[in-house]
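Quick notes on the structure that follows.
Bear in mind these aren't lab numbers, they're just calculated from the coordinates by the rules spelled out. Quick caveat, the model's predicted, so the values are computed rather than measured. Cβ placement follows ideal geometry from the backbone for every residue including glycine, while neighbour counts extend to all protein chains displayed.
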Amino acid sequence: MIIPALGGYLPGDTPLHRLDPRVKIIGMLVLSLIIFDATGLRILLLTSFFAVLIVASRISLHQVAMSLRPVMPFMLLLFGVHLFFTDGTPLFPFLPRWMGLTQQGAEAGAYVIWQFACLVTAAMLLTMTTSPSELVGGIERLLGPFHRIGIRPSEIALMISIALRFFPLVLEEYEQIREAHLSRGADFSSGGLRRRLRAAAALTMPLLLGALRRGDELTSAIEARGYRRAARTSLREFKFRYPDAIAMVVIAFLVVADFLISLLP
């Protein structure tokens, strides 16, 4: 089973893989906007929609969980901040109030984690079902009209492509450095907080130097290939097909359903 890093492409021949990248990018943006304002039944609607997308893309829950693993510490940190620093009714009446554990904090923390998880899942589904070249081409086509006001879509698409490619590479290099330290007797899971921070800090400098080295190599490769700021042609011409029209209708239906649910008392 292939377990891609967050941001990695997972080849396949599913309905989501075959969609026009522009449709998938627009869909991700629409979902992101809805997620920020979702409450009550809208949360259930969006969660169900993401479940359908995961099934349609034939991505297993294990693959999703492994791809979300790098951001889990940040999600737990968000939950803890809301749990301990939100005023309200004590979650456990027998505990002292100064501990700050409240029902409202738990609810707010769970809601923020859900939002963050949905946003990451939306981006993950986009990058898992869209090759880097198609993703860059889709972004460049969507930004094409802005060329008239001085914005260069090709350069923005190139920057996004580099960022999407670098993220899984950095994660991969982090795992390699961590395994190298473990093979030399390093311990990241025992000892006090200070010892763990000291062990984690030992990974920072090699990881930073590796990222700078990759950046320097990429710059040399781009210059060696004669990259210039000019209009470029594309190997693939995107065409809006019948499945893309159906996908746009589904997105529009989701927006309307979300709006109608928001009007309910």
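Observations, loosely collected:
- Ranking Leu212, Tyr242, Pro153 by how far each Cα lies toward the positive end of the dipole of the chain (charges on Cβ) leaves Leu212 at the top.
- Diffusion of region 1-80 by Stokes-Einstein, at 25 °C in a medium of 0.890 mPa s and with Rh set to the Kirkwood radius over alpha-carbon pairs, works out to 170 µm²/s.
- Counting 0.36 nm for each residue step from Asp37 to His62 and taking away their Cα separation leaves a gain of 6.2 nm.
- Option label - Cα extents along the principal axes in Å computed here, alternatives (i) 52, 42, 27; (ii) 67, 59, 41; (iii) 50, 40, 35: (ii)
- Couplings for region 121-135, taken from phi via the Karplus curve 6.51 cos²θ - 1.76 cosθ + 1.60 with θ = phi - 60°, read 5, 4, 5, 5, 4, 5, 6, 6, 9, 10, 5, x, 5, 5, 5 Hz in order; Gly and Pro are left as x.
- Based on C-alpha pairs under 8 angstrom that are at least 6 apart in sequence, the chain has a relative contact order of 26 percent.
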